[in-house]
Amino acid sequence: MSDISFIILTYNESVHLRRLLSKVVGINAPVFVIDSGSTDDTVAIAEEYGAVVKVNTFENHPKQWDFALKNCLISTPWIIGLDADQYPSEELLHKLRTFSDKDVPAGVNGIYFNRHNYFQGERLKYGGYRNFYMLKMFRNGKGWSDLNENMDHRFIVEGKSIIWKNEVLIEDNLKEHDIDFWLTKQIRYSNLTAQEEFQRKKGLREQTLTPNLLGNPDERTAFLKKIWWNLPLFIRPMIYFFYRFVIRLGFLETTSGRLFHFLQGFWFRFLVDAKIRELEKQEKLKAKA
């Protein structure tokens with residue numbers, strides 16, 4: 001039996017789940033699926049591959065992961081948390097098949113994977129997306145979901161972490177070939193992001209991690225976010241898009257990639273700022289009432 005257990009979040013993921021489970025089944029690891037009430041064949045597919053299925057109403061990703069870690073009876077020393085639209089490359093699969101807890105250096109409780117993102121079937125290679133490190137694997141009992149985030153989910157671990165740079169986790173959401181699906185999802189995400197940033201401005205929400213430009217990938221992100229939150233609304237999307245599209249060479253992407261950088265790097269950020277402005281206006285109106 002493997003030293004790893006998998007936890008996978010799902011909601012109507014029949015298009016993705018079989019792709020993922022068919023790859024990890026050879027690792028001989030326990031699999032837990034936390035479903036948000038799917039109406040398609042997601043649960044049936046999970047059970048076909050022997051996964052333990054639990055259902056929990058979805059509020060946001062950090063809270064769903066918190067539920068998963070507290071309600072899955074995991075006995076292995078390590079846990080991997082995945083979304084259904086992710087799957088391991090052959091290099092990562094080999095690493096996981098041969099993984100042993102005794103080979104991990106002392107004091108290391110977290111492992112970052114190198115995530116490669118795809119948008120509408122094309123890999124994103126520029127704009128800061130060529131190599132994107134995410135903490136996806138952690139020691140049982142030493143990792144938890146960061147509930148101080150409303151939108152950008154991350155796991156937090158005690159102690160040290162390492163990065164597997166050459167073992168790639170692929171993220172390829174087939175539903176996003178339908179641009180309306182992607183836009184609808186981003187509108188929903190913009191509400192969560194605007195609420196979070198509005199609360200941070202008011203001091204109602206803190207960062208769990210200590211911002212550190214020279215720290216691990218998540219500590220560097222925390223450092224950059226702290227700068228971002230203090231930039232002026234509506235100006236910062238333009239700065240960020242210029243950084244991604246020009247400085248980080250996003251213009252060299254395929255047509256799908258350039259579309260992604262414009263929509264996710266500018267349109268989405270501008271939409272968030274517009275919603276933050278609305279929340280600020282509503283607060284002023286309440287104060288006057």
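The values are calculated or read from the model by the stated rules, or taken from the named source; none is laboratory data. As the structure is a computational prediction, the values presented were derived from the model and not from experiment. Here Cβ is always computed from backbone atoms with ideal geometry, including for glycine, and neighbour counts include all displayed protein chains.
Give the residue that is surrounded by the fewest Cβ atoms within 10 Å (Cβ to Cβ), with candidates limited to residues of region 8-37 that are out of contact with any helix residue (DSSP H, G or I) (no Cβ under 8 Å at 6 or more places or on another chain) and more than 18 Å from residue 81 (Cβ to Cβ). Taking the candidates together, the pick is 28.
Here is a yes/no grid of residues against (1) within 16 Å of residue 209 (Cα to Cα); (2) touching a strand residue (DSSP E or B) at 6+ places or on another chain (Cβ under 8 Å):
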{"position": "106", "(1), (2)": "no, no"}
{"position": "119", "(1), (2)": "no, no"}
{"position": "129", "(1), (2)": "no, yes"}
{"position": "141", "(1), (2)": "no, no"}
{"position": "156", "(1), (2)": "yes, yes"}
{"position": "159", "(1), (2)": "yes, yes"}
{"position": "163", "(1), (2)": "no, yes"}
{"position": "167", "(1), (2)": "no, yes"}
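Residue-wise test of (1) buried (at least 18 other Cβ atoms within 10 Å of the Cβ); (2) of a type in the set (Lys, Arg); (3) within 29 Å of residue 110 (Cβ to Cβ).
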| residue | (1), (2), (3) |
| --- | --- |
| 166 | no, no, yes |
| 175 | no, yes, no |
| 180 | no, no, no |
| 187 | no, no, no |
| 201 | no, yes, no |
| 208 | no, no, yes |
| 212 | no, no, yes |
| 216 | yes, no, yes |
| 220 | no, yes, yes |
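Among the residues making up region 113-147, those that are among the aromatic types (Phe, Trp, Tyr), touching a residue at least 60 places away in the same chain (Cβ under 8 Å) and under 24 Å from residue 253 (Cβ atoms) are 119, 126, 133. The set of residues in region 154-193 being of a type in the set (Gly, Ala, Ser) and within 17 Å of the chain's Cα centre (by Cα) consists of 190 alone. The condition of being assigned to a loop (DSSP other than H, G, I, E, B), assigned by TED's automatic domain parsing to the domain that holds residue 27, of a type in the set (Phe, Trp, Tyr) and modelled with pLDDT of 95 or more holds for only one of 138, 99, that being 99. So how many residues does region 117-131 have that are more than 20 Å from residue 179 (Cβ to Cβ), surrounded by fewer than 17 Cβ atoms within 10 Å (Cβ to Cβ) and in contact with a Leu (Cβ under 9 Å, 6 or more places away or on another chain)? Total meeting the criteria: 2. So, in region 201-220, of the ones that are part of a helix (DSSP H, G or I) and under 20 Å from the mean Cα position of the chain (by Cα), which residue ends up nearest to residue 132 (Cα to Cα)? Selected residue: 217.
Of the residues 220, 154, the single one that is of a type in the set (Lys, Arg) and closer than 29 Å to residue 15 by Cβ is 154.
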